[in-house]
Amino acid sequence: MPEVRTRFAPSPTGFLHIGGIRTALYEFLWARKNNGKYLLRIEDTDRQRLVPGSLENIVQSLETLRIVSDEGPYWDKGLKFRGEFGPYIQSERLPIYQKYAQELIEKKAAYYCFCSSERLDKLREEQQAQKLPPKYDKLCLKLSSEEVSSKLAAKEAHVIRLNVPSDRIIKFHDHIHGDIEIPSKDVDDQVLLKSDGFPTYHLAVVVDDYSMKISHVIRADEWIASTPKHILLYEAFGWPLPVFVHLPAILSQATGKKLSKREGDVSVKDFLDKGYLPEALINFLALLGWNPKTEQEIFNMRELVAEFSLDKLNKSGAVFDLDKLDWFNSMYIRALKIEDLFARLVPYLVKAGIQTEKYPKEFLEKILLLEQSRLKKLSEIGERVKYFFEEPQYEPGLLCPPARKASAGPPPAEKKSEKETILKNLNSLQIFLQTLSAEKFAQKDIEAEIKNFIESNQLKTGEVLWPLRVALCGLEASPGPFEIIDAFASLPDGKEQVLKRISRASEMLF
Ligand code: GLU
């Protein structure tokens, strides 16, 4: 088998879309699996659709996700290039396309077209009126070579069009979709080279895939309809075909249709900003359209390379299930070592307005560890732990355990007595905790001490631990009170803070 060479060929027309990442990932995995090469090529010939900054965004997003190319642009304090088949940016390869367009003219596989845009518009309108598909009518193919020469000499504006034969079936094989046949009468005489000397996508993609020795063209299935034009070009040049692998679309859970930008954030940057881990995104995307042979769901990049196969790609679209992505993300967050967790979460604490530099590392680590198993996204951290950094705000009613509250509208007298019990418990707990040394506030002691206190005073556990926990954090759901106290204990004034919160809760109930 010739060397496997794949390429991801995005157009810099905006931020990298989640579907693009999946395409890039499959190209990358297939190349790595076969000890081949994965290229990044920038297809920027549609000058009107260029979006400034998107080239950098694409290159950087791919690198953040560790889909690192062997050839093409890469980022190292700026855009750099590697590889022997460059330039890897199509706008820097114009003479190459012009030369090949000329070769097609000589082979009569393409022809000059001098039609004005007015004529083309009129033609389209007429075809629309007759309910015919819009197609160029080959008028300029009838020009004699003398007429063409004199128009060229007079520098008349022109394009070069593909000369599509009218009466054949264009066949090609797709690795996922099988044999595909399209009648050539349905294929337009595509413009290959525009009047400004830029190629269209169709000429550039074929020339580059050939020149860069691409063995597998893996791309979104929206390009199937364009492939017959490419086949005609390969044939005209006498070049061998690459293996075509057209990936089914990623579908929106809400609409069942192709995931679109209108449905909110679909750019990789948005996902990363929200606190999805690159490794979780990769794992999730890998399984969005590919079925490994095993039941295993968590794969690191090395395992993906080992398992990946083009034969296990699905034929139908894959639904983008955000809950599943959240699940992957929480699994990856759980697996992080504390140093890594710390490095990834601190920026989100800072973003939430927490002045992390003012607190001991041990304290910050403790509170992050407390939440590690509860986080779905890194961006949730600020909201979850902000009670450690400011007085929690809550309704006094929250201090009463929910089981009591739920017992369908207790009579006011009972409510009053419940409130009194809680108040009494909090008061005596406070007195008890005051007598403990600050060292005893660490989890290993505090849990035993408080349990002892409950037992010796014959109190109900829920009527002590629930209000204590709420007093500390003001939340309906949170880590347990011993863990919270343990985290506070790593602050120099941890004990005071705990006592202050308990007395504030008592005041609220009073
Ligand atoms: N430039 C095309 C795009 O933006 C690439 C299509 C292909 O891979 O051939 O999707």
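What follows draws every value from the coordinates through simple rules; no lab data is involved. Quick caveat, the model's predicted, so the values are computed rather than measured. Ideal geometry is used to build each Cβ from the backbone, glycine not excepted, and the neighbour counts take in all protein chains shown.
What the table shows:
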item: Pair list, Cβ under 6 Å, 6 or more apart: segment 148-161 residue among the hydrophobic types (A, V, I, L, M, F, W, C), other residue in a loop (DSSP other than H, G, I, E, B); result: Ala157/Ser195; Val159/Lys194; Val159/Ser195
item: So Tyr74, is it assigned to a strand (DSSP E or B), crowded, with 22+ Cβ neighbours inside 10 Å, away from the ligand (no atom under 12 Å from the Cβ) and of a type in the set (Phe, Trp, Tyr); result: no
item: Residue under evaluation Pro292, criteria (1) more than 24 Å from Tyr100 (Cβ to Cβ); (2) touching a residue at least 24 places away in the same chain (Cβ under 8 Å); (3) buried (at least 17 other Cβ atoms within 10 Å of the Cβ), criterion not met; result: (2)
item: Matching residues in segment 43-59 - criterion: being closer than 16 Å to Gly19 by Cα and either touching a strand residue (DSSP E or B) at 6+ places or on another chain (Cβ under 7 Å) or of a type in the set (A, V, I, L, M) (or both); result: Ile58, Val59
item: Residue within segment 77-97 that is touching a Ser or Thr at 6+ places or on another chain (Cβ under 8 Å), closer than 27 Å to Trp290 by Cβ and within 15 Å of the ligand (Cβ to nearest atom) present; result: no
item: Residue check, Val205 of a type outside the set (Lys, Arg), within 12 Å of the ligand (Cβ to nearest atom), closer than 29 Å to Lys155 by Cα and within 26 Å of the chain's Cα centre (by Cα); result: yes
item: Thr6 touching a Gly at 6+ places or on another chain (Cβ under 8 Å) and within 14 Å of the ligand (Cβ to nearest atom); result: yes
item: Count of segment 44-70 residues which are part of a loop (DSSP other than H, G, I, E, B) and surrounded by fewer than 20 Cβ atoms within 10 Å (Cβ to Cβ); result: 8
item: Selection from segment 204-256 of residues that are polar (S, T, N, Q), free of Cβ contacts under 8 Å to residues at least 40 places away in the same chain and over 23 Å from Pro165 (Cα atoms); result: Thr255
item: Residue within segment 126-142 that is surrounded by 14 or more Cβ atoms within 10 Å (Cβ to Cβ) and assigned to a strand (DSSP E or B) present; result: no
item: Search result, residues across segment 87-109 that are in contact with a Gly (Cβ under 8 Å, 6 or more places away or on another chain) and part of a loop (DSSP other than H, G, I, E, B); result: Tyr88
item: Subset of segment 9-38 that is within 11 Å of the ligand (Cβ to nearest atom) and over 21 Å from Asn314 (Cβ atoms) - its residue that is surrounded by the most Cβ atoms within 10 Å (Cβ to Cβ); result: Ala9
item: Subset of segment 214-243 (residues that are more than 10 Å from the ligand (Cβ to nearest atom), surrounded by 14 or more Cβ atoms within 10 Å (Cβ to Cβ) and either hydrophobic (A, V, I, L, M, F, W, C) or farther than 22 Å from Arg22 by Cα (or both)); result: Ile224, Pro228, Lys229, Ile231, Leu232, Leu233, Tyr234, Ala236, Phe237, Trp239, Leu241, Val243
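So that you can scan it fast, the table gives a plain yes or no per residue for (1) of a type in the set (Val, Ile, Thr); (2) under 30 Å from Glu27 (Cβ atoms):
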site	(1), (2)
Cys113	no, no
Arg124	no, no
Val148	yes, no
Ala154	no, no
Ser166	no, no
Phe172	no, yes
